[in-house]
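Coordinate-derived values only; no laboratory data. Everything numeric here is computed off the predicted structure, so don't read it as measured data. For neighbour counting, all protein chains shown are included, and Cβ atoms are generated from backbone atoms with ideal geometry for every residue, glycine included.
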Amino acid sequence: MEEVFMVPSITCSVCSSRISSELGRLEGVTGVDIDLKTQSVKVSYDPGMRRPEDFRKKIAELGYEVME
């Protein structure tokens, strides 16, 4: 399953790397793709292990706002 989140505060490759690394460490995540141009984060995951709320929470914990 895939979920896309809009994160307008992603402005550079350091932000992108940080978010990608932290989300990628979560059990059940199979991929993370971040597009700086569109400020979007696409997470591929096993829906039996994770929910979209898990990713919103982790991104917020890292200091980035997720648009609803």
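Test each condition in (1) free of Cβ contacts under 8 Å to residues at least 24 places away in the same chain; (2) among the charged types (D, E, K, R); (3) in contact with an Asp or Glu (Cβ under 8 Å, 6 or more places away or on another chain) for Lys42 and report the one that comes out false.
(1)
Kindly indicate the residue of the range 27-41 that is polar (S, T, N, Q) and under 10 Å from Pro8 (Cα atoms) and also surrounded by the fewest Cβ atoms within 10 Å (Cβ to Cβ) among those meeting that condition.
The extreme case among them is Thr38.
Taking Val66, is it surrounded by 15 or more Cβ atoms within 10 Å (Cβ to Cβ), in contact with a Ser or Thr (Cβ under 6 Å, 6 or more places away or on another chain) and not polar (S, T, N, Q)?
Criteria not met by Val66.
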